[in-house]
Amino acid sequence: MAMGRMPEDGGDELQSVFSDINITPLTDIFLVLLIIFMVGASMAVDAAGSAAGGDRGAMKVDLPSGAAQDLAPGSKDVIVVILPDGRVVLAGQEVADDRLTDELKTALAHSSDSTLIVQADEGVHHGRVVAVMEKAREAGFTRLAVATRGE
């Protein structure tokens, strides 16, 4: 018997037509889209955070833990990064040891009351950090801060 046709017995009663909408596939699609947007949004936030950097000329180093007061570098402060392999980075550029004192003097000339902030990786030898600090003293820095990671 075909749908929508009159019954054979001559009655005027039509067969009922299925008119309900099944929303299960629609719900599945919405849930998949929600998951895609959640993952995409979290990836976008992570990408924006790493692109912003946070610190000027920041390099990825594992700072040692410490309980000293928080230090927010100002625009006039000079940041020196000592990488795990001992290389020194000043203002985003790697600096050779023989040029470090001259580069620090140049950085100090821009602002005489600058603070030198040393960001040394946790694995760097103590002697290497002291050598960089001595070169900073030779360059004329009188204020020094050592960056640590909060607990």
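Things worth noting here:
- Averaging Cα coordinates gives a centre for the stretch 23-43 and one for the stretch 91-115; these two points are 52 Å apart.
- Here is the result for the stretch 90-133: no trypsin sites (Lys or Arg not before Pro) lie in DSSP coil with at most 16 other C-beta atoms within 10 angstrom of their C-beta.
- Where a label projected 7 Å from the Cα of Lys105 along Cα→Cβ would reach, residues of the stretch 119-135 with amide N under 14 Å: 135
Here, each number is a calculation from the coordinates, and none is a lab measurement. Values in this document were obtained by computation on a predicted structure and should not be read as measured data. Ideal geometry is used to build each Cβ from the backbone, glycine not excepted, and the neighbour counts take in all protein chains shown.
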